[in-house]
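Only one structure is covered here, and it is reproduced in the block below.
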Amino acid sequence: MRKFILAAIVAVSAAGSAIAADAVNPRLAADVTKAAGFEALTTQYVVANPTSIFTNHYMYGSKVTGQLQRGERVDALAKVRGYEWVLVGRNGEGIGYVPISMLAPADLFIP
């Protein structure tokens, strides 16, 4: 009986993790490089530190497509799988990447 209960707990935990890391396939602007994989985000973010928006999550040699200012809400479309970068967008289209370290969850941001 204990083995069955433990197996059920592990299965439920694994299912929850899989849901949190569901793969998504966001629409990208023409000059934005597609990452190898994306994970769904459920958190809403605000810019904690001013940052550039880059066309590639590797950043090196990447074109800057815009700037985000502290306190600005961002449309975080997805997290780049295996990297600490977030794809940000406008009107549901990915316009570039920002380091997640430059963002704060909206409910924790202190202006």
Legend entry - For the range 23-105, the spread of Cα positions along each principal axis, largest first, Å: 29, 28, 25
Inset, instruction - Could you list which residues have their amide H under 5 Å from that of Leu77, counting only those 5 or more apart in sequence or on another chain, with H placed in the peptide plane? - result: Leu87, Val88, Gly89
Legend entry - Label-point gap, in nm, between Glu72 and Arg27 - each point 7 angstrom along Cα→Cβ: 2.2 nm
Inset, instruction - Go ahead and run the numbers for FRET between Tyr60 and Glu39, Cβ-Cβ distance against an R0 of 25 Å, rounding to 0.05. - result: 0.65
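Size of the dipole of the range 23-105 about the Cα centre, Lys and Arg at +1 and Asp and Glu at -1 on the beta carbon, nothing else charged, in debye to 20?
Roughly 40 debye for the range 23-105.
Taken together, the values in this text are just the output of simple stated rules run on the coordinates, not laboratory data. As the structure is a computational prediction, the values presented were derived from the model and not from experiment. Cβ atoms come from the backbone with ideal geometry, glycine included; neighbour counts cover every protein chain shown.
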